[in-house]
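Undergrad: Encoded as structure tokens, here's the structure I'll be asking about.
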Amino acid sequence: MSEMAARPGMQPTAGATVAPAEVSTFQIFLEFLIIGATSFGGVVPYLRESLVTKCHWVDDKEFVEMLSISQSLPGLNATNMAVLVGEKLRGWMGSVAGVLGMCLPGGLLMFAVGIFYRHHGDHVWVTAALKGVAAAAVGLILSTVVSLSKKSLSSKFDFVFIALTVIAVNRLHLGVPKTLVAVGILAILFHYPRKKEEQKASATP
Amino acid sequence: MNQIPALVRVFSYLSILTVGGGMAAFPEMKILTVDVHQWLDFKQLIHLYSVGQMAPGPNMMMIVSIGQWAGGTLGAIAVFIAFFGPTAILAFVVAKGWRKLEKWPWRTSIQRGLAPVSIGLLLAGCFSMAKGAITGLETGAMAVAVLLILLQYKINPALLVLASAVVGLFTFMPK
């Protein structure tokens, strides 16, 4: 979901030199805490702005590389990125600091929201507002589906795998794990490594 | 009754299903938290998820609310660790190896193959949520409007969700 629009600082960061001297665990925590507290509407653009443009902890190429790893692995982009960047800077301590900083503000907020909702969720105006919010969330997810499709699909045939996945989960009720393994293997085999020319094309994710 | 062990089990399982995004785990989350354990009902799950889209940071922090409901503060912390721990460790371990595999041809195949599957899972999650969220013409129109606006303009989605709360207030208030 974090791919969503409104990206501040998507401008190219040419010549960003990567020279992280010694970055302390606390600095990592603090920087991710700021991202975690301000990244309304999708984390990725804020991550780039902070890590590439402001702190020079990773360069643009590395950022894209880490993002594509984050995307392929289970887990949210936001926290996977925190793990990868934290690991690069300070090993496992950096990863822990990054994830905690990233999650703390939103987590505390949702903790409070949960308590409020539990007590006042039945209130007529809360129900009315939330009905609108839920409808918007569906539109938001759909727009993520569209923008991800534009960006990360490499073949027209991929739409067949998308359809298979949806049918398996929503119609056949196969469950996410089985679907993931079954359609995943099919799709990976379909994209089996071809000869040299293809390799070159794949160099740019 | 102590719900902590069940919370940890459910959310660490959901954790590994979040391929491509949190929404991928939504169908299983609905089954486990609503149908099996009844920590909340379907409408509440949709509401919490939707409100969570307005919060900063990772867009699945609403899991903390579920943990808090089912097991208090300790439940919230347990759910947080269970949901983010397994994938964080996986990312940590895989990251190093994955970089070394840059020359391995199947690496690209795996990334290309997982892309449509993760999009499909996202879409499946979206459909199962829409079953509860899209209840009539008005909500359907709002979802489509948000989709079109986001595709057309560079507007912060959190603002749109907030605006939808206001629209909802005026549209769905009982007269």
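Undergrad: What lysines could a cross-link reach from A:K61, if we take a straight Cα to Cα line under 22 Å and drop same-chain neighbours fewer than 8 places away?
TA: Hits, sequence-local ones excluded: A:K88, A:K150, A:K151, A:K200, B:K96, B:K100, B:K103.
Undergrad: R0 = 22 Å: FRET efficiency of B:Q38 with A:R171, Cβ-based, nearest 0.05?
TA: Efficiency, from the Cβ-Cβ distance: 0.30.
Undergrad: For A:K151 paired with A:V124, estimate the spin-label separation in nm (one decimal), with each label point 7 Å from Cα along the Cα-to-Cβ line.
TA: Distance between label points: 4.3 nm.
Undergrad: Pull up all non-local amide H partners of B:V19: gap of 5 or more, or a different chain, and H-to-H distance under 5 Å with H placed in the peptide plane.
TA: Long-range HN contacts for B:V19: A:G75.
Undergrad: Roughly what % of Cα-Cα distances in segment B:1-144 sit above 28 Å, to the whole percent?
TA: Summing the P(r) tail past 28 Å for segment B:1-144 gives 26 percent.
Undergrad: Pop out the ³J(HN,Hα) list for segment A:71-88 in order, Karplus 6.51 cos²θ - 1.76 cosθ + 1.60 with θ = phi - 60°, rounded to Hz; leave Gly and Pro as x.
TA: Residue by residue, segment A:71-88 yields 6, 6, 8, x, x, 7, 3, 4, 7, 4, 4, 4, 5, 5, 5, x, 5, 4 Hz.
Undergrad: Using the basic label-point model (7 angstrom from Cα toward the beta carbon), what is the B:E138 to A:L30 distance in nanometres?
TA: 4.9 nm
Undergrad: Need one value for B:70-81: mean number of C-beta atoms belonging to other chains within 10 Å of its residues' C-beta atoms.
TA: Mean number of neighbouring Cβ atoms from other chains: 1.
Undergrad: From the phi of every residue in segment A:164-180, what ³J(HN,Hα) in whole Hz does the Karplus formula 6.51 cos²θ - 1.76 cosθ + 1.60 yield, where θ is phi - 60° and glycine or proline is x?
TA: Those phi angles translate into 4, 4, 5, 4, 4, 7, 8, 9, 7, 6, 6, x, 5, x, 4, 4, 4 Hz.
Undergrad: Additional query: Counting only the heavy atoms of the protein chains, how much of B:F84 is accessible to a 1.4 Å probe, in Å² to the nearest 10?
TA: 10 Å²
Undergrad: Which order do A:Y117, A:Y46, B:Y153, A:Y192 take when ranked by solvent-accessible area (1.4 Å probe, heavy atoms of all protein chains), largest first? Walk me through the intermediate numbers first.
TA: On the way: A:Y117 20, A:Y46 50, B:Y153 145, A:Y192 115 Å².
Sorted by accessible area, descending: B:Y153, A:Y192, A:Y46, A:Y117.
Undergrad: Largest first and in whole Å, what are the equivalent-ellipsoid semi-axes of the protein assembly as shown based on the Cα gyration tensor, each being the root of 5 times an eigenvalue? Intermediate values should be presented prior to the final figure.
TA: Details: eigenvalues 193, 118, 87 Å².
Values for the protein assembly as shown, descending: 31, 24, 21 Å.
Undergrad: Using R₀ = 30 Å, calculate the FRET efficiency as 1/(1 + (r/R₀)^6) where r is the Cβ-Cβ separation of B:R9 and A:V160; round to 0.05. Present the calculation step by step, with values, prior to reporting the outcome.
TA: Values: r = 35 Å, r/R0 = 1.15.
Given R0 = 30 Å and the Cβ-Cβ separation, E is 0.30.
Undergrad: Spelling out what I want: for every residue of segment A:108-122, take phi, set θ = phi - 60°, compute 6.51 cos²θ - 1.76 cosθ + 1.60 (Karplus), and round to whole Hz; glycine and proline get x.
TA: Using θ = phi - 60°, the values come out as 5, 4, 5, 4, 5, 4, x, 5, 4, 5, 4, 8, 10, x, 8 Hz.
Undergrad: Under a crude label model (7 Å from the Cα following the beta-carbon direction), how far is A:A112 from B:I89 in nanometres?
TA: 3.3 nm
The values are calculated or read from the model by the stated rules, or taken from the named source; none is laboratory data. Everything numeric in this text was worked out from a predicted model, so none of it was measured. No Cβ is skipped: glycine too gets one built from the backbone with ideal geometry, and neighbour counts run over all protein chains shown. Just the protein is used for accessible areas: all its heavy atoms, side chains included, with ligands, DNA and RNA removed. Shrake-Rupley method; radii C 1.70, N 1.55, O 1.52, S 1.80 Å.
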